[in-house]
Every structure is written in C-alpha cells, then in structure tokens.
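Quick notes on the structure that follows.
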Amino acid sequence: MRFFSTRDLARERPATLSQALGAGLAADGGLFVPESLPRFDPADYDGLETLPDIAERLLRPFFEGDALQPYLTEICTEAFNFPVELKPVAEGAEVLELFHGPTAAFKDFGARFLALCLGKLRREGDRSALVLVATSGDTGAAVAAAFHRQPGFGVRILYPDGLVSARQAHGLECWGENIEAFRVAGTFDDCQHLVKTALSDRQLRESMSLLSANSISLGRWLPQACYYAFAALRNLRSHGEPLRLIVPTGNLGNAMAALLLKATGWPIEEVALACNANQVLPDYFETAAYQPAPAKPTIANAMDVGAPSNFERLLWLFPEAHAEGQLRARSYDDGRIRSTLVDWHRRRHYLPCPHTACAFAMLGDLRAGGDDRRWTICATAHPAKFEAIVEPLLGEQIEVPPTIAAMLERAATGTPLTTDYAELVAALLRNQ
Ligand SMILES: *Cc1c(COP(=O)(O)O)cnc(C)c1O
C-alpha cells in the first residue's frame with residue numbers, strides 16, 4: 001500500500017508507510033491518506049476476538065509491502081497490551097472506555113503504536129531522534145510514556161504553564177531520563193507555534209533529527225481505527241446491529257479513525273461529533289462554510305480547537321461532508337458539560353470526564369428528540385485526570401486508577417521556558 005498527501009490529487013508523490021510515519025506531515029503540507037480503501041468483509045474476522053488480533057487483520061493491507069510488515073503482529077500485541085472496555089450505562093447506551101492505558105486517555109493507543117513503529121525502523125548507527133510535542137495535556141503524557149527509555153529516542157514536551165490540571169502536569173513531568181517537559185509561559189497555541197517553527201527550521205534539523213507525533217500522524221490514525229473495529233464486531237456479534245457512535249471531538253483525530261472504518265464498509269451507521277464551545281464543526285455542517293477561529297478555553301480543554309488539524313482528511317474521505325444528513329455535530333458549553341457530568345454521576349453512577357460529558361450531553365439531546373436507538377459513547381479519558389474540575393462539582397474526591405497512581409508516585413520536574421524561539425533552540429541543543 002502506498003500513501004499520498006491530501007493535496008497531491010494527481011498522485012505524483014507516493015510514500016511508503018514507513019516514510020509517511022517518519023515524516024508526520026507530507027512535504028506539501030497535506031495529510032497522508034492511503035491510495036485505496038480495503039473493503040470490510042465480516043468473514044475476514046471469523047474467530048478473531050481480541051483487540052491485537054482484530055488490529056492485525058485490519059491493518060494488514062496498510063502494511064503490505066512495507067519494511068514494517070514483518071513486525072505488524074508484534075507491534076499490535078505490544079501496543080495494545082491494555083484493555084478496551086464496553087460497558088452498558090443505560091437502556092440502549094454503552095460506553096467504549098479508551099482510558100485504561102498507561103496515561104489514562106485514548107492517546108495511549110496511537111502513541112504506543114507510533115513509538116513501536118518508529119523503534120522498528122531505527123537502524124544501527126542512526127542518530128538519536130527527538131520527538132517534539134506541543135500538548136494541552138493528554139498527548140504529551142501518552143507520547144512520553146510510549147517513548148520512555150526507548151533507545152535512540154528522546155521526547156521534548158511543550159505545555160502551557162498553569163493551563164493544565166495539576167495531575168496532567170505531573171503526567172508530563174514525571175518521566176525523566178530521555179524525556180524532558182518544558183512548561184512554557186504562554187498558551188497552547190504558543191507551544192504549537194514553537195514546535196512548528198522548530199520542525200520547519202532547516203538549520204536546526206541539520207544538527208539534530210526531529211520527529212513530530214501530533215494528531216495528524218498516520219501512526220496515530222491507523223491504530224485508533226482498531227478499537228472501533230473491536231467495538232463494531234462486538235456490537236454486530238451480540239446485537240446484530242451496526243454501531244452508532246458519539247465521539248467527543250477537537251482535532252478530529254479520534255473521530256476520523258471511526259470515519260475511516262465507516263467509509264470502508266464497516267458496520268458503523270453513524271459517527272456523531274460532540275464538541276465543546278468551539279463550534280467550528282457544528283457551524284460547518286450547518287452552513288457548509290468552514291470558518292476556523294481562535295480556540296476558546298473550556299473545561300474540556302483537550303478539545304479547545306478552533307481549526308481541527310484533521311479537517312483535510314475529513315474532506316478527502318467525505319467530499320460531501322457538509323451535505324444534508326451526512327454528518328452531525330453539536331456544541332456544548334461549560335454549563336452543559338457540568339450539569340451532564342453531575343447528572344450522570346448522581347442518577348446513573350457513571351462519571352464521565354469533561355470531554356466525554358459532551359458526548360453524554362449529545363445522547364441526552366438525541367433521546368429528547370425521540371431517538372431511542374442503541375448508541376455507543378466514546379469515553380476519551382479517565383475523569384480522575386481532571387480532578388480540579390470534577391471534584392469541586394461533585395463535592396467529593398474521586399478514586400484514582402492504578403495507572404494515574406503510578407504516575408503520581410514518580411517525582412516530577414519541568415524546565416521553565418518563555419515563548420522566545422531562541423530559548424527553545426538552546427534548550428534542545430543543550431542535552432540532546
Ligand atoms: C485529545 C482528546 C480529545 C480530542 O481528540 P481529537 O482527536 O483531537 O478530536 C478528547 N478528549 C480527550 C480526553 C483528549 O485527550
């Protein structure tokens with residue numbers, strides 16, 4: 001399988017999977033997409049039950065002919081070594097919990113998979129590579145955990161000082177060794193700008209090998225499709241029905257993985273998008289006009305996105321995405337997130353994180369509109385990661401899962417940084 005950029009419509013610049021994984025973004029600034037979409041055939045999955053087995057079968061055509069092909073089974077087994085849970089939470093509603101990995105958010109799937117792929121591609125004598133990530137919390141921790149102690153790689157995390165929860169900050173700063181966290185005196189956009197500047201700095205790249213691990217990476221998109229395949233098969237086998245998903249969305253990374261499956265004929269009837277107060281997607285589906293805006297801060301901060309980075313992939317896969325009835329997205333403000341969270345906790349004894357609460361709010365709207373079909377809600381992170389928001393709302397402490405407890409036991413230390421680019425360069429060169 002070859003991959004092309006979303007901007008290379010004439011298909012003049014093919015890349016192998018390995019090349020696309022190493023590059024992150026295509027040279028023309030577009031996003032990598034596969035040259036063809038393998039069609040779903042239920043018979044291919046007969047007897048396959050576990051996430052690693054389903055993942056291996058799903059990803060096989062994408063790995064065909066690539067240097068990574070011989071390692072696919074091993075990569076799936078090692079990357080997906082923690083459970084995905086499907087839990088009934090109400091009549092006709094279940095939750096797909098994606099937060100049982102080492103840093104308690106769905107980002108662990110993509111980060112672990114990408115780290116293993118890049119590790120396999122390393123050759124004797126290659127210079128050590130630095131992975132640069134700008135993060136509003138969850139991505140940075142997942143990437144740090146995935147590359148921690150991996151020979152030949154270092155990770156440099158940039159996060160906005162004071163704008164992530166204390167626990168999230170700890171999860172970014174607790175790794176040490178080949179990982180360093182920079183707490184930047186600025187916003188997430190400042191962090192992202194610094195990372196982009198470094199990644200496109202030719203002079204810097206001559207003196208060091210830099211990699212990116214952001215949400216547009218093919219190495220995150222493909223593995224995320226695997227848990228939706230797992231859920232769709234479970235649903236088909238136990239209910240004989242296609243999956244209807246509600247996915248909390250910011251950059252459209254996670255949701256695009258579900259949409260990839262839908263486009264390839266998997267039994268996924270709908271992927272409904274739940275957004276926070278950042279309305280760019282709901283507005284687009286309503287008006288057909290795509291109008292990126294500066295991100296607004298909300299209590300579901302991992303979705304504070306004004307210009308979803310995977311939007312080009314959405315248009316590539318669904319050129320008529322804005323057409324009536326194709327896709328729906330709704331926006332939920334902080335008040336609605338808070339009331340939904342409290343309501344589900346009190347009445348149903350299920351506590352979603354603030355991001356997942358947007359999806360629960362959307363389920364509420366669907367029910368209020370008379371939709372009584374079965375829906376699956378994608379739970380993107382464990383609520384204990386957002387203690388500063390959740391605990392005051394409930395007036396009680398919430399239990400910390402073993403994964404987060406393990407991070408909290410480690411000592412944490414970060415390096416302060418201003419938004420001055422020269423300072424970042426000096427810090428990167430200091431101890432590569
Ligand atoms: C990253 C993240 C999201 C948003 O995912 P996208 O792929 O950017 O749409 C939602 N919830 C949580 C907890 C996250 O960490």
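The values are calculated or read from the model by the stated rules, or taken from the named source; none is laboratory data. Being a predicted model, the structure only gives us computed values, none of them experimental. Here the Cβ positions follow ideal geometry from the backbone for every residue, glycine too, while neighbour counts run over all protein chains shown.
With respect to A79, is the statement that it is closer than 29 Å to F360 by Cβ and within 19 Å of the chain's Cα centre (by Cα) true? Before you say what the answer is, go through the steps one by one.
Working: closer than 29 Å to F360 by Cβ: yes; within 19 Å of the chain's Cα centre (by Cα): yes.
Spelling it out, A79 is indeed closer than 29 Å to F360 by Cβ and within 19 Å of the chain's Cα centre (by Cα).
Count, please, the residues in region 80-107 that happen to be under 20 Å from L68 (Cβ atoms) and in contact with an Asp or Glu (Cβ under 9 Å, 6 or more places away or on another chain).
Step one: filter region 80-107 for residues under 20 Å from L68 (Cβ atoms), giving 80-81.
Filter once more, so that each one left must be in contact with an Asp or Glu (Cβ under 9 Å, 6 or more places away or on another chain): none.
Here the count works out to 0.
Please work out if D371 is of a type in the set (D, E), more than 22 Å from the chain's Cα centre (by Cα) and assigned to a helix (DSSP H, G or I).
Details: of a type in the set (D, E): yes; more than 22 Å from the chain's Cα centre (by Cα): yes; assigned to a helix (DSSP H, G or I): no.
No; evaluated as a whole, the condition is false for this residue.
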Restricting region 77-130 to residues that are away from the ligand (no atom under 16 Å from the Cβ) and among the hydroxyl-bearing types (S, T, Y), the one modelled with the highest pLDDT turns out to be T77
Screening A277, A272, A229 for residues that are in a helix (DSSP H, G or I), in contact with a helix residue (DSSP H, G or I) (Cβ under 9 Å, 6 or more places away or on another chain) and modelled with pLDDT of 95 or more leaves only A229
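Here is a yes/no grid of residues against (1) touching a Cys at 6+ places or on another chain (Cβ under 9 Å); (2) surrounded by 20 or more Cβ atoms within 10 Å (Cβ to Cβ):
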site	(1), (2)
T287	no, no
E324	no, no
L327	no, yes
R338	no, no
V342	no, no
C353	no, yes
C358	yes, yes
D372	no, no
I377	no, yes
Among the residues in region 153-176, are any of a type in the set (D, E), at pLDDT 90 or above and closer than 26 Å to E312 by Cβ? no
Restricting region 161-192 to residues that are free of Cβ contacts under 8 Å to residues at least 40 places away in the same chain and over 27 Å from E391 (Cα atoms), the one surrounded by the most Cβ atoms within 10 Å (Cβ to Cβ) turns out to be I179
Subset of region 249-274, residues closer than 15 Å to L366 by Cα and buried (at least 19 other Cβ atoms within 10 Å of the Cβ), comes to V271, A272, L273, A274
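Kindly indicate the residue of region 236-286 that is polar (S, T, N, Q) and in contact (Cβ under 8 Å) with a residue 24 or more places away in the chain and also farthest from the ligand (Cβ to nearest atom) among those meeting that condition.
Filtering region 236-286 down to residues polar (S, T, N, Q) leaves 238, 249, 251, 254, 264, 276, 278-279.
Narrowing further to those that are in contact (Cβ under 8 Å) with a residue 24 or more places away in the chain: 249, 251, 254, 264, 276, 278-279.
Working: T249: 4, N251: 3, N254: 4, T264: 19, N276: 9, N278: 11, Q279: 14 Å.
Residue satisfying both the conditions and the ranking: T264.
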A careful count of residues in region 305-325 that are without any contact (Cβ under 8 Å) to a residue 40 or more places away in the chain and away from the ligand (no atom under 16 Å from the Cβ) gives 6
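Being at pLDDT below 95, among the charged types (D, E, K, R) and not in a loop (DSSP other than H, G, I, E, B) is true for just one of E324, E286. Which residue is that? Outline the logic, then answer.
Working: E324 fails: not in a loop (DSSP other than H, G, I, E, B).
Just a single option satisfies the conditions, and that option is E286.
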Residue pairs qualifying under the 6 Å Cβ cut-off, at least six apart or on distinct chains, with the first in region 386-409 being closer than 25 Å to W175 by Cα and the second being modelled with pLDDT under 95 and among the charged types (D, E, K, R), are E387/R167
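Going residue by residue through region 178-198, is there one that turns out to be under 21 Å from H382 (Cα atoms) and not in a strand (DSSP E or B)? Before you say what the answer is, go through the steps one by one.
Restricting attention to region 178-198, the residues satisfying the condition of being under 21 Å from H382 (Cα atoms) are none.
So far as region 178-198 goes, no, none of its residues is under 21 Å from H382 (Cα atoms) and not in a strand (DSSP E or B).
Looking only at residues that are among the small types (G, A, S) and in a loop (DSSP other than H, G, I, E, B) in region 84-117, which one is surrounded by the fewest Cβ atoms within 10 Å (Cβ to Cβ)?
In the first step, residues of region 84-117 are kept if they are among the small types (G, A, S); the result is 90, 92-93, 101, 104-105, 110-111, 115.
This time we only want the ones that are in a loop (DSSP other than H, G, I, E, B), so: 92, 101, 104.
Numbers: G92: 14, G101: 24, A104: 27.
Only one residue fits best here, namely G92.
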